[in-house]
């Protein structure tokens, strides 16, 4: 049985819920906290689908302390997840958090359980994620490394960290003008992309909770323990999803076994891994500013050394 509490977030997708709840049932957690949003207005199938989804998680056939936080009305992703997790960490000191479309490998639970204990009082570590988007690249000799990116398709944290979360990021307007913001986003393209995202979140243009959690972790200088293999696959891509409507490379990422759980010798950010995540997951490599910067760099290089272009042309024809 799993001693660490699991916070499980559901809505109106019984097919995905059946799969992910089966993974939870296999762990037999002693404490399960379930968060559910209510049916949307003008969505005639929501009432039935929400009821069907809730019926699935009622089937608990092991000794378990179950707490429910169900909404009768639809609060939306931003308000439902944030308020639900506020409630979770009023009940428990730490928790593993899974949404109904996040299907984990069994090693995910072992990984979170051990690291929640290992870093329980370490203020440098704010989260544990089950996600790895490094395309097979290992970023340390240990089983995991530390990142500033706190991916949330299966993750875990402590009350000591979540208590700082603010869904409306009230500190953002002032923080974005500080040296600290520039220090934590030294890449000007990254700073521009995330600045725009957080501006839109602050203005209420994006119905989400997770960008605010990323901002919170960055603001307080926290790091996220990140496995060297992907431990959770997202099965929620499709037309009935809230945000993951269109499938992409992340949709096909398998949930793999972690292997031996070895620990890094030092707690420090892996800048190379984070640069890769920004470029691949948040559009950094295709951003117009990045493309223009590459073009300017090549022009400057050509001005400094015309031989570079001659060499490139020779190589091109040689390959043909």
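The values are calculated or read from the model by the stated rules, or taken from the named source; none is laboratory data. Just so it is clear, the model here is predicted, and its values are computed rather than measured. Here the Cβ positions follow ideal geometry from the backbone for every residue, glycine too, while neighbour counts run over all protein chains shown.
Kindly evaluate residue 76 against the criterion of being at pLDDT 95 or above and out of contact with any strand residue (DSSP E or B) (no Cβ under 8 Å at 6 or more places or on another chain).
Values: at pLDDT 95 or above: yes; out of contact with any strand residue (DSSP E or B) (no Cβ under 8 Å at 6 or more places or on another chain): yes.
Against the criterion (at pLDDT 95 or above and out of contact with any strand residue (DSSP E or B) (no Cβ under 8 Å at 6 or more places or on another chain)), residue 76 qualifies.
Go through the residues of segment 150-163 one by one and say whether even a single one is more than 14 Å from the chain's Cα centre (by Cα), assigned to a loop (DSSP other than H, G, I, E, B) and within 19 Å of residue 270 (Cβ to Cβ).
Step one: filter segment 150-163 for residues more than 14 Å from the chain's Cα centre (by Cα), giving 158-163.
Okay, now just the ones that are also assigned to a loop (DSSP other than H, G, I, E, B), so 163.
Next, from what is left, pick out any that are within 19 Å of residue 270 (Cβ to Cβ): none.
For segment 150-163, residues more than 14 Å from the chain's Cα centre (by Cα), assigned to a loop (DSSP other than H, G, I, E, B) and within 19 Å of residue 270 (Cβ to Cβ): absent.
Residue under question is residue 23, and the condition is that it be part of a helix (DSSP H, G or I) and over 22 Å from residue 129 (Cβ atoms); does it hold?
no
Among 127, 215, 142, which is the only one that is in the same structural domain as residue 24 (by TED's automatic domain parsing) and touching a strand residue (DSSP E or B) at 6+ places or on another chain (Cβ under 7 Å)? Break it down into steps so the answer makes sense when it comes.
On the way: 215 fails: touching a strand residue (DSSP E or B) at 6+ places or on another chain (Cβ under 7 Å); 142 fails: touching a strand residue (DSSP E or B) at 6+ places or on another chain (Cβ under 7 Å).
None of the other options fit; the residue is 127.
Considering each of 140, 147 in turn, give the residue that is closer than 14 Å to residue 227 by Cβ, more than 19 Å from the chain's Cα centre (by Cα) and surrounded by 14 or more Cβ atoms within 10 Å (Cβ to Cβ).
On the way: 147 fails: more than 19 Å from the chain's Cα centre (by Cα).
Going through 140, 147 in turn, the sole match is 140.
Name the single residue, out of those in segment 164-186 being part of a loop (DSSP other than H, G, I, E, B) and closer than 29 Å to residue 263 by Cα, that is nearest to the chain's Cα centre (by Cα).
At the first step, the residues of segment 164-186 found to be part of a loop (DSSP other than H, G, I, E, B) are 164-171, 176-178, 185-186.
Right, trim to closer than 29 Å to residue 263 by Cα and you get 164-165, 185-186.
Values: 164: 17, 165: 15, 185: 18, 186: 21 Å.
Only one residue tops the list, namely 165.
Among (1) outside any loop (DSSP other than H, G, I, E, B); (2) on the phi > 0 side of the Ramachandran plot, where does residue 107 come up short?
Residue 107 satisfies all of (1) outside any loop (DSSP other than H, G, I, E, B); (2) on the phi > 0 side of the Ramachandran plot except (2).
Go through segment 16-63 and count every residue that is out of contact with any helix residue (DSSP H, G or I) (no Cβ under 8 Å at 6 or more places or on another chain), crowded, with 17+ Cβ neighbours inside 10 Å and farther than 30 Å from residue 159 by Cβ.
Looking only at that region, the number is 1.
Mind listing just one residue for me: the one in segment 220-273 that is in contact with a helix residue (DSSP H, G or I) (Cβ under 7 Å, 6 or more places away or on another chain) and over 23 Å from residue 144 (Cα atoms) and, of those, modelled with the lowest pLDDT?
242
What are the pairs with Cβ atoms under 6 angstrom where one residue, in segment 70-96, is assigned by TED's automatic domain parsing to the domain that holds residue 57 and the other, located anywhere, is outside any helix (DSSP H, G or I) and modelled with pLDDT under 95? Sequence gap at least six, or different chains.
Pairs found: 77/242.
Count, please, the residues in segment 123-137 that happen to be over 11 Å from the mean Cα position of the chain (by Cα) and surrounded by fewer than 24 Cβ atoms within 10 Å (Cβ to Cβ).
Our first condition is that a residue be over 11 Å from the mean Cα position of the chain (by Cα); within segment 123-137, this holds for 123-126, 134-137.
From the residues that got through so far, the ones that are surrounded by fewer than 24 Cβ atoms within 10 Å (Cβ to Cβ) too are 123-125, 134-137.
Residues in segment 123-137 being over 11 Å from the mean Cα position of the chain (by Cα) and surrounded by fewer than 24 Cβ atoms within 10 Å (Cβ to Cβ): 7 in total.
Tell me yes or no: at least one residue of segment 53-66 is touching a strand residue (DSSP E or B) at 6+ places or on another chain (Cβ under 7 Å) and within 30 Å of residue 202 (Cβ to Cβ). Full working, then the answer.
Within segment 53-66, the first condition is being touching a strand residue (DSSP E or B) at 6+ places or on another chain (Cβ under 7 Å), and the residues that meet it are 53-54, 57, 60, 64-66.
Of the ones still in play, those that are also within 30 Å of residue 202 (Cβ to Cβ) are none.
No: zero hits.
In segment 189-213, which residues are crowded, with 20+ Cβ neighbours inside 10 Å and under 14 Å from the mean Cα position of the chain (by Cα)?
Once the filter is applied, which keeps residues that are crowded, with 20+ Cβ neighbours inside 10 Å and under 14 Å from the mean Cα position of the chain (by Cα), segment 189-213 yields 209, 212, 213.
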